[in-house]
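Trainee: Handing you a structure now.
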Amino acid sequence: MTLRALAGVGIARLYVQRRVLLYACAAAFVVGILQPEGAIGPVVFCSLLGIAMALSQSPGRHPHLDRCEQGAPLFGRELARAKGLVPYLGASLAALCYASAQTVRGSHDAPFDLVIALAAVAASTSTALCASIRRGWPRILYILLAFTAGTMTYALAVTAHALLAGFAFAALASFLALRQYGEALARYDPVEEL
Amino acid sequence: MPLLRMRNASFEGGGASAGPVTLDVYPGERMALAIGSAREASIVALMASGIVKPSHGLVLIDDFDPRIQSINCKRVAALVPHEPCGLSESEFVRYVVYRAALWKIEPRRALAHAQLLRKRLRGMHEAFAFPLIGALVGMPKLVVLDRPAAAYAPQILAVLEGRAVFSTHAGSAEARAFLAPPFAASGHGRTPA
């Protein structure tokens, strides 16, 4: 996939969700002011934001963008990467706002918390994307799995003091989830939106 | 060789069904297909543009099978959806650049082409004009129109002159509007068996 196509999808989707993005960043800043200590705050809050933004990529939410992307000569995996970028960037911006609030409150661990939050966000948003094109129980199970992936990253990096293991887990979970999402997109027939 | 070949092509799944449809659309030809239900018309348009794969039968777009060569099909056929897009005239450049990015086309070239098309579609509401312009940015050989607005039929057909056009309609009156002269119609509507 060319960088232009990746950026095109990313910019178009971020543009239509710009208000949601602004509210998410503002909310992250407020929560960061209220809960400045520890990595659990940014991990849980930003993972939940990432999951919500991933679910907002579901078919039918932005029908015009969906139709343009479905009709474009792009492979499922290319579209998966481009669509995956949107919730990840959104949740990462929120994590950055959270870290800024922590810094304002005088927390010295803000950079460390930010790095863990970014890893957890990658794992949870990528997994939640798989829920976005499913209905019923599979959708609920993927959402639970997405939250578990974020929590697992935190558990490995902070509770088990194995930072590298946490990052490795997040990278592996993101890779597998994006592959799965790409394959699902390639097989997807958009008739339920009609 | 037909640009679009459908042989008993039908779709079943997700609580929807359509077809079977059998037809051929040759380069430069125009064909309008009247189908009873709007949903079925949409599914047939999606099948004809390679976005939905047929459950039974065969669809070939420029001899490419959407089930295994979906990307090639989408380079040949472009869909103009029925739903108007909620964009304003001020978002024209952003929209064209986005469509150009999806089709991996140089944005300046796409924009120049799109501005010419917009001039030809002057008077057409942007909600209907933008999707049509966006579909033509990729220079498709075949344009598939999903239940296009009959009120804009002369303008749409004038812009699409020389290209193969396949349109689906919920009623035969709308289908007739897309086969009407003075643009030398060379197709005909069919109802699926």
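Trainee: Output the residues belonging to region A:1-41 that are of a type outside the set (G, A, S) and free of Cβ contacts under 8 Å to residues at least 24 places away in the same chain.
Mentor: Taking region A:1-41 as the starting set, the residues that turn out to be of a type outside the set (G, A, S) are A:1-4, A:6, A:9, A:11, A:13-23, A:25, A:29-31, A:33-37, A:40.
Of everything in region A:1-41, those that are of a type outside the set (G, A, S) and free of Cβ contacts under 8 Å to residues at least 24 places away in the same chain turn out to be A:T2, A:L3, A:R4, A:I11, A:Y15, A:R18, A:R19, A:L22, A:Y23, A:L34, A:Q35.
Trainee: Which of the residues that make up region B:24-49 are within 16 Å of B:P140 (Cα to Cα) and either within 8 Å of another protein chain (Cβ to nearest Cβ) or among the aromatic types (F, W, Y) (or both)?
Mentor: B:Y26, B:L46, B:S49, listed by residue number.
Trainee: Is there a residue being of a type outside the set (S, T, N, Q), crowded, with 19+ Cβ neighbours inside 10 Å and touching a Pro at 6+ places or on another chain (Cβ under 6 Å) anywhere in region A:62-82?
Mentor: yes
Trainee: Right, next: Please work out which one of (1) within 13 Å of chain A (Cβ to nearest Cβ); (2) touching a residue at least 24 places away in the same chain (Cβ under 8 Å) is the condition B:V159 fails and give its number.
Mentor: Status for B:V159: all satisfied but (1).
Trainee: Restricting to region A:150-184, and then to whatever is closer than 18 Å to A:R81 by Cβ and of a type in the set (G, A, S), can you tell me which residue is surrounded by the fewest Cβ atoms within 10 Å (Cβ to Cβ)? Write out each step before concluding.
Mentor: First, pick out the residues of region A:150-184 that are closer than 18 Å to A:R81 by Cβ: A:170-184.
Still in the list and also of a type in the set (G, A, S): A:170-171, A:173-174, A:177, A:182, A:184.
Values: A:A170: 26, A:A171: 14, A:A173: 24, A:S174: 23, A:A177: 26, A:G182: 20, A:A184: 16.
If we take residues in region A:150-184 being closer than 18 Å to A:R81 by Cβ and of a type in the set (G, A, S), then A:A171 is surrounded by the fewest Cβ atoms within 10 Å (Cβ to Cβ).
Trainee: When both residues are 6+ apart or on different chains and their Cβ atoms are under 7 Å apart, which pairs have a first residue that lies in region A:72-84 and is within 9 Å of another protein chain (Cβ to nearest Cβ), and a second that is small (G, A, S) and buried (at least 22 other Cβ atoms within 10 Å of the Cβ)?
Mentor: A:L74/A:A5
Trainee: Now a separate question. Say we look at region A:9-64 and pick out the residues that are among the small types (G, A, S) and within 14 Å of chain B (Cβ to nearest Cβ); which of these is farthest from B:P84 (Cα to Cα)? Can you show your working first?
Mentor: Narrowing region A:9-64 to residues among the small types (G, A, S): A:10, A:12, A:24, A:26-28, A:32, A:38-39, A:41, A:47, A:50, A:52, A:54, A:56, A:58, A:60.
Next, only the ones that are within 14 Å of chain B (Cβ to nearest Cβ) stay: A:10, A:12, A:60.
Details: A:G10: 22, A:A12: 17, A:G60: 14 Å.
Step by step, filter region A:9-64, then rank; the result is A:G10.
Trainee: Could you check, for region B:27-36, whether at least one of its residues is part of a helix (DSSP H, G or I) and either of a type in the set (S, T, N, Q) or in contact (Cβ under 8 Å) with a residue 24 or more places away in the chain (or both)?
Mentor: No, that holds for no residue.
Trainee: For region B:82-93, state whether one or more residues are out of contact with any His (no Cβ under 8 Å at 6 or more places or on another chain) and within 17 Å of A:P190 (Cα to Cα).
Mentor: yes
Trainee: Does at least one position in region B:118-130 carry a residue that is in a helix (DSSP H, G or I), out of contact with any Asp or Glu (no Cβ under 6 Å at 6 or more places or on another chain) and either aromatic (F, W, Y) or under 24 Å from B:A18 (Cβ atoms) (or both)?
Mentor: Here is the first cut: in region B:118-130, the residues in a helix (DSSP H, G or I) are B:118-120, B:126-130.
Still in the running and out of contact with any Asp or Glu (no Cβ under 6 Å at 6 or more places or on another chain): B:118-120, B:127-130.
Now drop any that are not either aromatic (F, W, Y) or under 24 Å from B:A18 (Cβ atoms) (or both), which leaves B:128, B:130.
Yes; the residues of region B:118-130 include at least one that is in a helix (DSSP H, G or I), out of contact with any Asp or Glu (no Cβ under 6 Å at 6 or more places or on another chain) and either aromatic (F, W, Y) or under 24 Å from B:A18 (Cβ atoms) (or both).
Trainee: Suppose we keep only residues that are of a type outside the set (A, V, I, L, M, F, W, C) and part of a loop (DSSP other than H, G, I, E, B) within region B:91-111. Which one would you say is farthest from the other protein chains (Cβ to nearest Cβ)? Let's see the steps before the verdict.
Mentor: Of region B:91-111, the ones of a type outside the set (A, V, I, L, M, F, W, C) are B:91, B:94-95, B:98-99, B:104, B:106-109.
This time we only want the ones that are part of a loop (DSSP other than H, G, I, E, B), so: B:104, B:106.
Numbers: B:K104: 5, B:E106: 9 Å.
Taking the candidates together, the pick is B:E106.
Trainee: Just checking, how many residues over region B:137-149 are surrounded by fewer than 21 Cβ atoms within 10 Å (Cβ to Cβ) and touching a strand residue (DSSP E or B) at 6+ places or on another chain (Cβ under 8 Å)?
Mentor: Taking region B:137-149 and keeping what is surrounded by fewer than 21 Cβ atoms within 10 Å (Cβ to Cβ), we get B:139, B:141, B:149.
Then drop every residue that is not touching a strand residue (DSSP E or B) at 6+ places or on another chain (Cβ under 8 Å), which leaves B:141.
So the count comes out to 1.
Here's the yes/no breakdown for (1) within 11 Å of another protein chain (Cβ to nearest Cβ); (2) modelled with pLDDT of 90 or more; (3) surrounded by 17 or more Cβ atoms within 10 Å (Cβ to Cβ):
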position	(1), (2), (3)
B:R7	no, yes, no
B:G14	yes, no, no
B:T22	no, yes, no
B:V59	no, yes, yes
B:R75	yes, yes, yes
B:E83	yes, no, no
B:E89	no, no, no
B:K119	no, no, no
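Trainee: Can you pull out the residues in region A:156-194 that are basic (K, R) and within 17 Å of B:S70 (Cα to Cα)?
Mentor: At the first step, the residues of region A:156-194 found to be basic (K, R) are A:179, A:187.
Correct list: A:R187 only.
Trainee: Moving on. Of everything in region B:166-180, what is more than 18 Å from B:L46 (Cβ to Cβ) and polar (S, T, N, Q)? Give them in sequence order.
Mentor: Passing the criteria: only B:S172.
The values are calculated or read from the model by the stated rules, or taken from the named source; none is laboratory data. It should be emphasised that the depicted structure is a prediction, and the values quoted were computed from it without experimental measurement. A quick note on method: Cβ atoms are made from the backbone with ideal geometry, for glycine too, and the neighbour counts reach across all protein chains shown.
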